[in-house]
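The values are calculated or read from the model by the stated rules, or taken from the named source; none is laboratory data. Values in this document were obtained by computation on a predicted structure and should not be read as measured data. Methodologically, a virtual Cβ is constructed for each residue, glycine included, from the backbone with ideal geometry; neighbour enumeration extends over all protein chains shown. Accessible surface areas use protein heavy atoms only, side chains included; no ligands, DNA or RNA. Shrake-Rupley method; radii C 1.70, N 1.55, O 1.52, S 1.80 Å.
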Amino acid sequence: MRYADGGGLTAEQRKRREGVRMRAVDLFEERVEVPCIARELRVSEKSVYQWRRAWKAGGREALRSKGAPGYDCRLGPHLQARLTAWLDEGPAAHGWADDQVWTAARVRTLIGRKFHISYSVSGVTRLLHRMGSACRCPPAPPPSATRTRSPHGGRRPGRR
């Protein structure tokens with residue numbers, strides 16, 4: 001299932017769900033019927049049957065939470081620390097002398113040069129967010145001095 005905020009369950013929610021599964025294991029060991037377990041835990045019978053099958057195959061450990069889903073970050077903590085140090089040096093230290101703004105595209109290039117790891121621009125943005133950092137968009141060009149306002153206040157004649 002996809003969520004608008006891009007997340008799944010928080011660590012607290014995963015822990016709570018694991019607690020429900022562990023309570024189900026206790027009831028399995030007491031030989032309580034599946035429909036009764038489902039009613040007591042307020043879950044579907046299908047879930048209880050799946051949990052029971054996993055419990056029979058792998059014991060209590062088979063129903064423990066496996067942590068947050070998704071891939072591990074390709075830059076481990078030690079590489080993230082090196083990246084942070086390089087970002088603190090500024091763009092000029094790495095060949096961008098025209099301005100002192102780290103953009104996601106520049107950070108992507110820096111990661112590729114230093115670590116030989118390919119990231120997308122959006123992947124860099126997510127990485128920096130996880131690291132507690134952020135990149136800035138390049139500054140917008142100043143408005144053109146040759147462009148003047150219309151004598152009609154920005155509207156075309158005949159329009160209301």
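Quick notes on this structure:
- Heavy-atom surface of segment 78-123, accessible at 1.4 Å and reported per residue (Å²): 54 Å²
- Cross-link partners for residue 56 among the lysines, with Cα-Cα distance under 26 Å and sequence neighbours closer than 8 places in the same chain left out: 15, 46, 66.
- Per-residue packing, averaged as other Cβ atoms within 10 Å, sorts the ranges 21-29, 91-99 into the order 21-29, 91-99, beginning with the highest.
- Surface share of carbon and sulfur [accessible, 1.4 angstrom probe, percent] for segment 23-130: 50 percent
- What separates the Cα centres of segment 43-61 and segment 62-109 is a distance of 40 Å.
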